[in-house]
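Colleague: Before I ask anything, here is the structure I am working with.
The values are calculated or read from the model by the stated rules, or taken from the named source; none is laboratory data. Model, not experiment: these values are computed from the prediction. In this analysis, Cβ positions are derived from the backbone assuming ideal geometry, glycine residues included, and neighbour counts consider all displayed protein chains. Surface accessibility is based on the protein's heavy atoms, side chains included, excluding ligands, DNA and RNA. Shrake-Rupley method; radii C 1.70, N 1.55, O 1.52, S 1.80 Å.
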Amino acid sequence: MVDVTTHRRNLTIGVLSPVVGGFYFGKVLAGIARGLRAGGHRVVAVQTYPADLDRDEFPDQPPHRPIVGLDAMDGVIVVTSAVEHDVLRTLDRSGRPLVVISETVDALGAPLVTPDNAGGVRAAVEHLLQHGHQRIGFLGNPRQHDLAERHAAYEAALRSHGIEPRPEWVYRTRDNQEAAGAAAARTALDEGLDTTATIAGTDRNAVGFLRALTDAGLVLPRDQALIGFDHSDGGARARPRLSSVDPHHDRVGELAAELLLARLHGERVGPGEH
């Protein structure tokens, strides 16, 4: 077991992340760093996916490789799918303080930090309903924790307004990248595109979806209203500009840092979502 009575000295915190750049991971890491450096603590970010990763084909599973240097870390933050679930369970049992961002494993004792997925999607659905849309679709890959929450919130929001979501309104993607969103758009067009509006689980999926629809001759938002989830630079540069939910990824990282420091200072921080 690791001694966690590390009061007020400078700490070394390891952050395991699939990649250490880009819009999403970069903002999460920036929030973690902001939360830790204010107290003079050190942050060591470890990229667990290959350096030559093709961002258009993001792997479904993390690579099977040992994570070195953890013995030098006072605490660890794991971001999404950075490590295999068995590795995450081992870290959790080790006694080393751990916080997880947007990844679930059964019976994990560590706290889980997520954005307000349900609130963000509910606001998006309400916005589209106010504009008269009824046939509202969902675009995304519900296998990842945040996307599963967003999909469930989408269905709950429609049902709360007496609208039963239909299977053909769900445009599934293989991952969260633009190419997957474009492929889902082409499939939706081939099948008749039964919706008048769509909520995307990520901005990258949304941008790919948008470009494929406009390439096919549709005019957005006239022919298909679209709302993303990320408030990313890519969505801001899209034409037409993408409307998007801002989940404040940096604040997610900052909260993860605060919870980890609390655990390191001996405070009780329960498992479950924060």
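Colleague: Can you sort ARG89, ARG9, ARG237 by solvent-accessible area, 1.4 Å probe, largest first? Don't skip to the answer; put the middle values down first.
Modeller: Numbers: ARG89 80, ARG9 105, ARG237 170 Å².
Order by accessible area, largest first: ARG237, ARG9, ARG89.
Colleague: Can you give the accessible area of THR90 in Å² (nearest 10), computed on protein heavy atoms with a 1.4 Å probe?
Modeller: Counting only protein heavy atoms, THR90 exposes about 80 Å² to solvent.
Colleague: Still on this structure, I have one more. Taking region 88-180 on its own, what percent of its Cα-Cα pair distances exceed 23 Å? Working shown, then result.
Modeller: Values: 1611 of 4278 pairs.
Summing the P(r) of region 88-180 above 23 Å gives 38 percent of all pairs.
Colleague: So, one more: How much solvent-accessible surface does ARG159 expose, in Å² to the nearest 10, with a 1.4 Å probe and all protein chains in place?
Modeller: Here the accessible area works out near 120 Å².
Colleague: Give me Rg over Rh for the chain, both radii from the alpha carbons and Rh done the Kirkwood way, two decimal places. Spell out each step's value before the answer.
Modeller: Numbers: Rg = 19.8 Å, Rh = 19.5 Å.
So for the chain, dividing Rg by the Kirkwood Rh gives 1.01.
Colleague: With all pairs of different alpha carbon atoms counted, what Kirkwood hydrodynamic radius in Å does region 104-263 show?
Modeller: By the Kirkwood definition, the hydrodynamic radius is 16.0 Å.
Colleague: Explain nothing, just the number: relative contact order of the chain, from Cα pairs under 8 Å at least 6 residues apart, as a whole percent. Intermediate results must be reported in sequence, preceding the final value.
Modeller: Numbers: 536 pairs, mean separation 65.5, N = 274.
Worked out over the chain, it gives 24 percent.
Colleague: Next question, about the same structure. Roughly how big is region 185-274's charge dipole about its Cα centre, with Cβ charges of +1 (Lys, Arg) and -1 (Asp, Glu), in debye to the nearest 20?
Modeller: Working: 10 positive and 14 negative charges, 42 e Å.
Magnitude of the dipole: close to 200 debye.
Colleague: Taking all protein chains in place and a 1.4 Å probe, what share, in percent, of the accessible surface of the chain do carbon and sulfur account for? Don't skip to the end; give the middle numbers.
Modeller: Working: 6190 of 12730 Å².
The value for the chain is 49 percent carbon and sulfur by accessible area.
Colleague: Same structure, new question: Show SER160, SER232 ordered by accessible area, largest first, where the area counts protein heavy atoms only and the probe is 1.4 Å.
Modeller: On the way: SER160 85, SER232 20 Å².
If we order SER160, SER232 from most to least accessible, we get SER160, SER232.
Colleague: Now a separate question. Could you work out the Kirkwood radius for region 74-137, taking every pair of different alpha carbons, averaging 1/r and inverting it, reported in Å? Each step should come with its number before you reach the end.
Modeller: Values: mean 1/r = 0.0714 Å⁻¹.
This gives a value of 14.0 Å.
Colleague: Quick check: from the Cα gyration tensor, does region 141-193 come out rounded (a/c under 1.5), prolate or oblate?
Modeller: Numbers: a/c = 3.37, a/b = 1.29, b/c = 2.61.
Oblate, because a/c is 1.5 or more while a/b does not exceed b/c.
Colleague: For ASP215, tell me the accessible area in Å² from a 1.4 Å probe, rounded to the nearest 10.
Modeller: Ignoring ligands and nucleic acids, ASP215 comes out at about 130 Å².
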